[in-house]
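Readers should treat all values here as calculations from the given coordinates under stated rules, not as data from a laboratory. Everything numeric in this text was worked out from a predicted model, so none of it was measured.
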Amino acid sequence: MTGNNLYEELGGKPTFEALVDYFYAQVLLDFELKPFFENIDMKRLRDHQVQFLAAIAGGPAKREVDMAKAHKGRGINEAAFNRVAGHLVKAMEHFKVPEHAKSQLLDAVLGYKDQVIQDGGK
Ligand code: HEM
């Protein structure tokens, strides 16, 4: 385990897979969020999300993600963003991810806010 490598500290890929599976299960049960994912290949998105979160935790980065492009034109507003971020926090709490890791991952994710709602929710 390296000093600041949350990926290793949290247990690597299996942890991120479990987190992301729990996260999307909750997101898809949320009636305010469900419509955003209606025509989406969730298996593909799940794999991309596992890789994305693993990479921001210091794990292997397998692909470049253009977050603005992925979210553009989807009508994502601040309320939807906050709900999604909230589900991520709840997923981390469910697995009792240690506080320092939780806040570091959340900060990193919140840093993408302008890219996710970059079209002002239109
Ligand atoms: C909270 C921060 C968020 C993070 C870290 C995040 C992360 C990601 C990532 C990594 C992808 C995959 C991009 C790719 O395939 O290259 C993605 C795609 C997607 N995201 Fe987000 N996202 C966030 C918020 C949201 C919100 C708020 C919504 C809608 C309410 C949303 C809806 C989607 C949809 C529908 C896709 C699929 C795009 C596609 O398959 O073409 N995301 N997101």
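A few notes on this one:
- Between helix 42-56 and the chain there is an angle of about 50 degrees, using the helix long axis and the longest principal axis of the Cα atoms.
- With N the number of residues in the chain, Rg(Cα) / (2.2 N^0.38 Å) evaluates to 1.03.
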